[in-house]
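Notes follow the structure.
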Amino acid sequence: MLLLPITNLFSQAPTDCTNAIVVCGNSELNLDVSGIGIQELSGLNSCSSQENNSVWLKVTPITSGTLGFNLTPQSFSIQEDYDFFVFGPNADCNNLPQAIRCSTTNPQAAGQNNNLTGMNSTETDTSEGPGSNGNSFVRWLDVEAGDSYFIVIDRPIGNSPFTLEWTGTAQFSSPPTNETGSLEGLNLENCDTLAPYDDEVTGFNLDSNTPGIIGSQTNVIVSYYESESDANIDENAISGIYNNTSNPQEVFARMENTLTGCFEVIPFVLTVTSGPSFVTPTNLTSCDDFSDGDNLNGFTSFDLTTTIEEIQGNSENDSLNISFHESLDHAQNNTNPLPNDFTNTSPNDQIIYVRIEDSQFPDCFSTTTLNLTVLPAPEAFDTTLLQCDQDFSPDGITLFNLNEANSLVSNTPDQVSIAYFESFEEAQDNLQPLDYNYSNTTNPQIIFARVFDPSSGCYSISQVSLEVSTTQISDYEVPGVCDEPNSEDGINTFDLNEVALQIQNNNNISFPISFYSSYDDALLEENALEASYTNSIPYFQVIYARAENNNACYGIAEVTLRVHELPNLQSDGEVFYCLNDSPESITLNAGIFDGSTNNTFEWSTGETTPDIEVNTVGAYTVTATNVWGCSKSRTIVVSPSNIATIEALHVTDASENNTISIVVSGEGTYEFALFNQNGLFADFQPQTTFQNIPPGIYTVAVRDVKNDCGVVEDMVSVIGFPKYFTPNNDGQNDFWQIIGITQFTQPNTEILIFNRYGKLITKIDPLGMGWDGTLNGEPLPTDDYWFFITLQDGRIFKSHFTLKR
């Protein structure tokens, strides 16, 4: 169904029945809907209302069915209130009957949650309102094909436009279609061919758009109007040749179906031009050249045809006639056209005039100016380039760096492009440019420099004379320098300014001297070395010195750079001296790797031999010097080590986890081990504590691992008590005795044995075999027995053990 937006507003209003808008399938109408025309609703409805701000619509279904609609205000405000009224079928505007449908419910008063209204299938009432009565919707219509109805939309409160969405099964006629496909295709543009030619008024044949608008459609007519309102109400049509009243001017075409009355209004634009459209040409430039024998006089030829395509713009190549003239009068009167290959008659800058006319309408023309500018050629100077003979061979043939001539042939070499050629013709045509590293063929030789300005595209040509010098300077060897102690790589830094001064003195010259890593670089003056130069080849390298006399090569010499090696000493080191061996001595060696005997030595002790004997700790430095006088030093640090001194042995015994901790002093680095009666119990370790030690007698051993200065030992006892014994004379656990007591450790310990009732059974000799499980020679039964032990060091232990039979 149809969605009808009512948006933009204009002066003529369809506010009366006779001016009702004919609703078609996809019409969009722009009309003024504010206010009313004739008050036509009073007394003709049961909804107690009249016109406030109304618009009349006429709908004629072309199929039978149901007809409803949803009206949605553009504003969502609940205060925005729309009413509607329906007359028909086939009502007469001059004798309207009572409305067959109407709704004047106020959405805010009715407590609605939206401000929509309309007709639908779910409602049963045919009228409602005013105020709070109803819900803004009534029953839709059952319609027959061909019957017509008037629908009045009225807005008593608010100011927003609305949209109509048609519902139901009935269908409407569709309006005609603009078959040109676009509004822009209807725009008309004419040249001002009516005198006077500058008033922007001319004639337009509006009917020329009619065939395109109608296309293949039938029963469609097209008429034209000066305003959209006239087009909507079909008044004041214009026809024939129409003279515009403004420039540009919008006019309107109304296309209407003669059977249904459906129509569409189409705007298009009339534009008057003074002549064909064109693009204003940019300045035309041409370089000053040798075509007239002088490339600096400001006269040259211009190809005027190169601007034609630019002037035409998007026009077809044959749609415009373009000619060039020296004056505006000639261009306007189409006289004295200039040749396409035109040489300017005013030096450097000249304005000429262009006539642009439509090839179909020659009297419709435009004129514009074209600026001709002669671009100056860059300056180029004749010069001479003097070079040294190559490889010291006096044959007059050598290698030239033609870039050296750039600053001589141009005052602005960094702003131009310079190329060199063997002939003037090759330079002029920019053919076969020479390599910048160029070997001459004769001495002297004339070549040609082409100086090209990339900003203008212009060029000049000058001569360059290549000449070879036969003067020379003598070779020079720089006094050798010693390698650097912290970077023994044969690389060192040389002051080439000092070398240049020596070469000048040796050759009795004052010319500036520059240095290069290769002979070719020296010839071509490429990649000059910095004054503070670090050699790139270790220990021995030849570079080249070039003497310059006013940018001409005076001579090239070899310069030898040497870096002497330092004595090949071992790096600084450390040795250890056992203090417990004092006053015995150890030997320190200077540490020459290659065993060379061409070195002298000086120790910090004053000794001058490769080896010295020492028996005190400290730092000893030796300096070795080779035959080149290059010295290098190394320091040997004699650090102390010593056998350990056991200061204390800390024992935690008679516990679940017996431990032995050893406290030592000394200058060494120590490891610790435990030995028992069977030999090694715990191997050497850096930790000073041993854990989970069974009761018994142990020897603690401490050794020096820094310099193997020796091992010290001491004895230690770990006290413990058996938890049971089995006195059955099988040689296993036949006696119960405290463990860890010797004649040297806790010999004066007292041991008492009690039964479970506290009766003293026996007193045991701590150095004897122990208790055999008897009392007065009689074996005691299996049971738990208690002991009370007072160690010689005052510690007291009491607990129990089991006698098992």
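Select from the stretch 532-569 the residues that are more than 30 Å from L408 (Cβ to Cβ), open to solvent by less than 20 Å² (accessible area, probe 1.4 Å) and of a type outside the set (V, I, T) and write down the one among them that is nearest to the chain's Cα centre (by Cα).
N535
What pairs can you find where one residue is in the stretch 694-719 and at negative phi and aromatic (F, W, Y), the other is open to solvent by less than 30 Å² (accessible area, probe 1.4 Å) and at pLDDT 95 or above, and their Cβ atoms are less than 6 Å apart, with a gap of 6+ or different chains?
Y698/L674
Out of all the residues in the stretch 368-396, which are open to solvent by 40 Å² or more (accessible area, probe 1.4 Å), at pLDDT 85 or above and not charged (D, E, K, R)?
Taking the stretch 368-396 and keeping what is open to solvent by 40 Å² or more (accessible area, probe 1.4 Å), we get 369, 371, 376, 379, 381-382, 384, 386, 390-395.
Still in the running and at pLDDT 85 or above: 369, 371, 376, 379, 381-382, 384.
If the condition is that a residue be open to solvent by 40 Å² or more (accessible area, probe 1.4 Å), at pLDDT 85 or above and not charged (D, E, K, R), then T369, N371, P376, F381, T384 are the ones that fit.
What residue, among those in the stretch 211-226 that are in contact (Cβ under 8 Å) with a residue 40 or more places away in the chain and outside any strand (DSSP E or B), is surrounded by the most Cβ atoms within 10 Å (Cβ to Cβ)? Steps first, answer last, please.
So the first thing to find is which residues in the stretch 211-226 are in contact (Cβ under 8 Å) with a residue 40 or more places away in the chain, and the list is 213-214, 217, 219-220.
Adding the requirement that they be outside any strand (DSSP E or B) leaves 213-214, 217, 219.
Numbers: I213: 21, I214: 19, Q217: 13, N219: 11.
Among those residues, the one meeting the criterion is I213.
Residues being open to solvent by less than 20 Å² (accessible area, probe 1.4 Å) and assigned to a helix (DSSP H, G or I): count how many of those fall in the stretch 288-315.
Matching residues across the stretch 288-315 total 4.
Would you call S423 free of Cβ contacts under 8 Å to residues at least 40 places away in the same chain, under 21 Å from S460 (Cα atoms) and within 43 Å of the chain's Cα centre (by Cα)? Talk me through it step by step, then tell me what you get.
Numbers: free of Cβ contacts under 8 Å to residues at least 40 places away in the same chain: yes; under 21 Å from S460 (Cα atoms): yes; within 43 Å of the chain's Cα centre (by Cα): no.
The answer is no for S423.
Please specify each residue of the stretch 476-489 satisfying the condition of being over 19 Å from F515 (Cβ atoms) and surrounded by 12 or more Cβ atoms within 10 Å (Cβ to Cβ). Talk me through it step by step, then tell me what you get.
To start, the set of residues in the stretch 476-489 that are over 19 Å from F515 (Cβ atoms) comprises 482-489.
Hits for the stretch 476-489 are C482, D483, E484, P485, E488.
Return the pair list, or none, for Cβ contacts closer than 7 Å from residues in the stretch 36-52 that are closer than 13 Å to C102 by Cα and in a loop (DSSP other than H, G, I, E, B) to residues that are among the small types (G, A, S) and open to solvent by 60 Å² or more (accessible area, probe 1.4 Å), at least 6 apart or on different chains.
Listed by first residue and then by second, the contacts come to Q50/S42.
For the stretch 781-805, enumerate the residues that are in a strand (DSSP E or B) and either over 22 Å from Q743 (Cβ atoms) or polar (S, T, N, Q) (or both).
Of the stretch 781-805, the ones in a strand (DSSP E or B) are 783-790, 796-803.
D783, D784, Y785, W786, F788, T790, K798, S799, H800, F801, T802, L803, listed by residue number.
Please enumerate the residues belonging to the stretch 331-361 that are out of contact with any Leu (no Cβ under 7 Å at 6 or more places or on another chain), part of a loop (DSSP other than H, G, I, E, B), within 30 Å of V201 (Cα to Cα) and open to solvent by less than 60 Å² (accessible area, probe 1.4 Å).
Passing the criteria: only T335.
Among the numbered criteria (1) modelled with pLDDT under 90; (2) surrounded by fewer than 13 Cβ atoms within 10 Å (Cβ to Cβ); (3) under 45 Å from the mean Cα position of the chain (by Cα); (4) not charged (D, E, K, R), which single criterion is violated by Q432?
Every listed condition holds for Q432 apart from (1).
Yes/no per residue for (1) open to solvent by less than 40 Å² (accessible area, probe 1.4 Å); (2) farther than 30 Å from T210 by Cβ; (3) among the hydroxyl-bearing types (S, T, Y); (4) in a loop (DSSP other than H, G, I, E, B):
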position	(1), (2), (3), (4)
A99	yes, yes, no, yes
Q108	no, yes, no, yes
D142	no, yes, no, no
F150	yes, yes, no, no
S160	yes, yes, yes, yes
E165	no, yes, no, no
F172	yes, no, no, yes
N178	yes, no, no, yes
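Can you say whether T66 is under 23 Å from T260 (Cβ atoms), of a type outside the set (D, E) and surrounded by 14 or more Cβ atoms within 10 Å (Cβ to Cβ), as far as the supplied structure shows?
On the way: under 23 Å from T260 (Cβ atoms): yes; of a type outside the set (D, E): yes; surrounded by 14 or more Cβ atoms within 10 Å (Cβ to Cβ): yes.
Spelling it out, T66 is indeed under 23 Å from T260 (Cβ atoms), of a type outside the set (D, E) and surrounded by 14 or more Cβ atoms within 10 Å (Cβ to Cβ).
Regarding the stretch 265-272, can at least one residue be identified that is open to solvent by 70 Å² or more (accessible area, probe 1.4 Å) and either β-branched (V, I, T) or more than 30 Å from N205 (Cα to Cα) (or both)?
Our first condition is that a residue be open to solvent by 70 Å² or more (accessible area, probe 1.4 Å); within the stretch 265-272, this holds for none.
No, that holds for no residue.
Would you mention how many residues in the stretch 139-162 are in contact with an Asp or Glu (Cβ under 9 Å, 6 or more places away or on another chain) and over 19 Å from E80 (Cβ atoms)?
Qualifying residue count for the region: 2.
Which of the residues belonging to the stretch 592-620 are open to solvent by less than 60 Å² (accessible area, probe 1.4 Å) and over 29 Å from I643 (Cβ atoms)? Spell out the reasoning first.
Restricting attention to the stretch 592-620, the residues satisfying the condition of being open to solvent by less than 60 Å² (accessible area, probe 1.4 Å) are 592, 595-596, 599, 601, 603, 606, 612, 614, 618, 620.
Correct list: I592, G595, S596, N599, F601, W603, G606.
Limited to the stretch 768-780, what total is found for residues that are of a type in the set (S, T, N, Q) and either within 20 Å of V718 (Cβ to Cβ) or part of a strand (DSSP E or B) (or both)?
1
I'd like to check something: does the stretch 716-728 contain any residue that is open to solvent by 90 Å² or more (accessible area, probe 1.4 Å) and more than 30 Å from I643 (Cα to Cα)? So that I can check it myself, show each step before the final result.
Start the filter on the stretch 716-728 by keeping residues that are open to solvent by 90 Å² or more (accessible area, probe 1.4 Å), which leaves 723-724.
Those left that are additionally more than 30 Å from I643 (Cα to Cα): 723-724.
Yes, the stretch 716-728 contains at least one residue that is open to solvent by 90 Å² or more (accessible area, probe 1.4 Å) and more than 30 Å from I643 (Cα to Cα).
Is at least one residue of the stretch 242-258 surrounded by fewer than 17 Cβ atoms within 10 Å (Cβ to Cβ) and touching a Phe, Trp or Tyr at 6+ places or on another chain (Cβ under 6 Å)?
No; the residues of the stretch 242-258 include none that is surrounded by fewer than 17 Cβ atoms within 10 Å (Cβ to Cβ) and touching a Phe, Trp or Tyr at 6+ places or on another chain (Cβ under 6 Å).
Within 30 Å of T177 (Cβ to Cβ), out of contact with any strand residue (DSSP E or B) (no Cβ under 6 Å at 6 or more places or on another chain) and not in a helix (DSSP H, G or I): is that true of L259 in this structure?
On the way: within 30 Å of T177 (Cβ to Cβ): yes; out of contact with any strand residue (DSSP E or B) (no Cβ under 6 Å at 6 or more places or on another chain): yes; not in a helix (DSSP H, G or I): yes.
Answer is yes for this residue.
Looking only at residues in the stretch 746-761 that are open to solvent by less than 40 Å² (accessible area, probe 1.4 Å) and not in a loop (DSSP other than H, G, I, E, B), which one is farthest from S655 (Cα to Cα)? Before the answer, list the steps.
Here is the first cut: in the stretch 746-761, the ones open to solvent by less than 40 Å² (accessible area, probe 1.4 Å) are 746-747, 749, 751-753, 755, 761.
From what is left, the residues that are not in a loop (DSSP other than H, G, I, E, B) are 751-753, 761.
Details: I751: 18, L752: 20, I753: 20, I761: 25 Å.
The residue in question is I761.
Consider C287 against the criteria (1) within 49 Å of the chain's Cα centre (by Cα); (2) more than 30 Å from F381 (Cα to Cα); (3) not basic (K, R): it satisfies all of them except one. Which criterion is unmet?
Only one criterion in (1) within 49 Å of the chain's Cα centre (by Cα); (2) more than 30 Å from F381 (Cα to Cα); (3) not basic (K, R) is unmet by C287, namely (2).
The values are calculated or read from the model by the stated rules, or taken from the named source; none is laboratory data. The structure presented is a predicted model; accordingly, all values stated were derived computationally and were not measured. Please note: Cβ atoms are built from the backbone with ideal geometry, for glycine as well, and neighbour counts cover all protein chains shown. For accessibility, only protein heavy atoms count, side chains too; no ligands or nucleic acids. Shrake-Rupley method; radii C 1.70, N 1.55, O 1.52, S 1.80 Å.
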